[in-house]
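First comes the structure, then the notes that go with it.
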Amino acid sequence: MEFSRRISALKPSAIREILKAPADSETISLAAGNPSPEAFPAAEMAAVAAEIFASGAASALQYGISEGYQPLRERTLERARRVCGVGGDGDELIITSGGQQVVELAAKTLLNDGDTVICEDPSFIGALNALRSYSAKLVGVPCNGAGMDMDGLERALREHPEAKLIYTIPTFQNPAGEVMPLASRKRLLELASQHNVMVLEDDPYRDLRYGGEGVPAVKALDGEGRVIYAGSFSKIIAPGIRLGFALAPSALIAKMTAAKQVSDVHSNLFFQVLVERYMASYDIEAHVARCRSLYRARRDAMDAALKRHMPEAGWVLPEGGLFLWVNLPGGEDGVEFCRRAKEKKVMAVPGSAFLCDEGGFSSAIRLNFSLPSIEQIETGVARLGETLREM
């Protein structure tokens, strides 16, 4: 069987493959990026679903428009303006099949084969693979503890004047957990303007802040219509509903809509209706506050467990998000470490999975604290500590 050139070099997500691996009840996963089921508003969603089936199931189960269910678009835009400060007069909003689809539609709309995209290094593997699927050339700019290094970005733009797009996760970056400060966000926009490059801001973790001061979205600072903003309902409601949204200049949204019609016609309409009615009937901000409280406790538990069991490792406590980025001491190989940890029935993701260079080496690992319980975090990190001592 002969595959297309575009797909032949594409590798499956390392994280998705880890999650498919057989595991027994004793195996603890610190590998996923999953929200906790305890954070799902399941009872409220069940009540809303029953109401939909009792009075209006036909419209929720029918085809919908590609831009998304209009009441949800309006409610999402209102919250995006209020909470994130994004959504100006020249912008339109489209509901997507998760935040991941925003990256894919942006790539499909803006990139030709071989075009250059500048990314944080490390970065979200799902986005990197989406960009690779359109034969993009990925140029990594290291994170410096405060998001993408702006001097590095300037060098990359100077060395790659053909670059079409900058991809960034400036708030609780995945996997490093870093936050890009306001001055860097402003400079990013200045550099993008100077080099006439679009910016894709991936912002799924903004609601999950546990400390520190909030920073405006890059999109909120954009006066030129240069930023595509990707948001998601996965982290604050549930990931299985596969709902996200894109905010961008209306002309770009029109093209992304046409591209979406080729992919899936429209996002799941039933869940669009359900989410809109849930937000209309319940206090979404109170729910988000409960999510923050739950995840803050688990983040702190993982930090304490690392101090007890892996004090030789290096990490910075993130102010939000779902991950800790841990640097192994002595330059240990993250891939080998995760392989050995799996033998002890604990799973983590090697840092190399997040690199722009797929063959690159990393002595880091990414740990997730939102899915496991506090007891599982303690046991899992203790097993990681044993693995490190044996290495």
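Farthest toward the positive end of the dipole of the chain, out of 163, 118, 325, is the Cα of 325, where the dipole comes from beta carbon charges about the Cα centre.
In this label model, residue 113 and residue 286 are separated by 5.6 nm, measuring between points 7 Å along each Cα→Cβ vector.
Net charge within 12 Å of residue 206 by Cβ-Cβ distance, Lys/Arg positive one each and Asp/Glu negative one each, not counting residue 206 itself? Could the numbers behind the result be given before it?
Details: positive: 79, 209, 219, 235, 292; negative: 201, 202, 203, 207, 319.
Overall, the nearby charge balance is 0.
Assuming charge only on the beta carbon of Lys and Arg (+1) and of Asp and Glu (-1), the dipole of region 341-391 about its Cα centre is about 100 debye to the nearest 20.
Using the Cα centre of region 133-221 as the reference point, and only Cβ charges (+1 on K/R, -1 on D/E), how large is the resulting charge dipole? Debye, rounded to the nearest 20. Walk me through the numbers before you get to the answer.
Numbers: 10 positive and 12 negative charges, 27 e Å.
Here the size comes out at about 120 debye.
I'd like the carbon and sulfur percentage of the solvent accessible area for region 46-105, probe radius 1.4 Å, heavy atoms only, ligands and nucleic acids excluded. Each step should come with its number before you reach the end.
On the way: 1560 of 2870 Å².
Carbon and sulfur together cover 54 percent of it.
Hey, can you rank 380-389, 295-304, 122-131, 355-364 by average C-beta count inside 10 Å, highest first? If you can, show how the numbers build up before the last one.
Details: 380-389: 20.9, 295-304: 18.9, 122-131: 23.5, 355-364: 16.5.
So the order, starting with the most tightly packed, is 122-131, 380-389, 295-304, 355-364.
So, counting K/R as plus one and D/E as minus one, what does the shell of residues with Cβ under 14 Å around residue 390 add up to?
That works out to 0.
Mean residue ellipticity, 222 nm, helices only, the chain: the sum of -39500 (n - 2.57) across DSSP H runs of n ≥ 4, divided by residue count and rounded to 500, is -12500 deg cm²/dmol.
Here residue 164 is the anchor, and the lysines within straight C-alpha reach of less than 28 Å, apart from those fewer than 8 places off in the same chain, are 11, 108, 137, 186, 219, 255, 260.
So if each residue of separation counts as 0.36 nm, and I subtract the Cα-Cα distance between residue 42 and residue 74, what length gain in nm does that give?
Working: separation 32, 0.36 × 32 = 11.52 nm, distance 2.35 nm.
Extra length from residue 42 to residue 74 when fully extended: 9.2 nm.
Note on the chain: antiparallel DSSP beta bridges, both residues inside, total approximately 50 percent of the bridges counted. Rounded to the nearest 10 square angstrom, residue 160 shows an accessible area of 30 square angstrom against a 1.4 Å probe.
Estimated at 0.36 nm per residue, the fully extended path between residue 312 and residue 293 surpasses their Cα-Cα distance by 4.0 nm. Ligands, DNA and RNA left out, the accessible area of region 189-299 computed with a 1.4 Å probe is 50% carbon and sulfur.
On a per residue basis, the chain carries 41 Å² of accessible surface, using protein heavy atoms and a 1.4 Å probe.
Distance between the pseudo-spin-label points of residue 89 and residue 339 (7 Å out from Cα toward the beta carbon): 6.0 nm.
Close amide H pairs (under 5 Å, H built 1.01 Å from N) link residue 200 with 166, 167, 168, 228, residues at least 5 positions away or on another chain.
Overall, region 187-317 carries a charge dipole of about 340 debye about its Cα centre when +1 sits on the Cβ of Lys and Arg and -1 on the Cβ of Asp and Glu, all other atoms neutral.
The values are calculated or read from the model by the stated rules, or taken from the named source; none is laboratory data. From a predicted model like this one, the values you see are computed outputs, not experimental measurements. For neighbour counting, all protein chains shown are included, and Cβ atoms are generated from backbone atoms with ideal geometry for every residue, glycine included. What goes into the accessible areas is simple: the full protein's heavy atoms, side chains included, and nothing from ligands, DNA or RNA. Shrake-Rupley method; radii C 1.70, N 1.55, O 1.52, S 1.80 Å.
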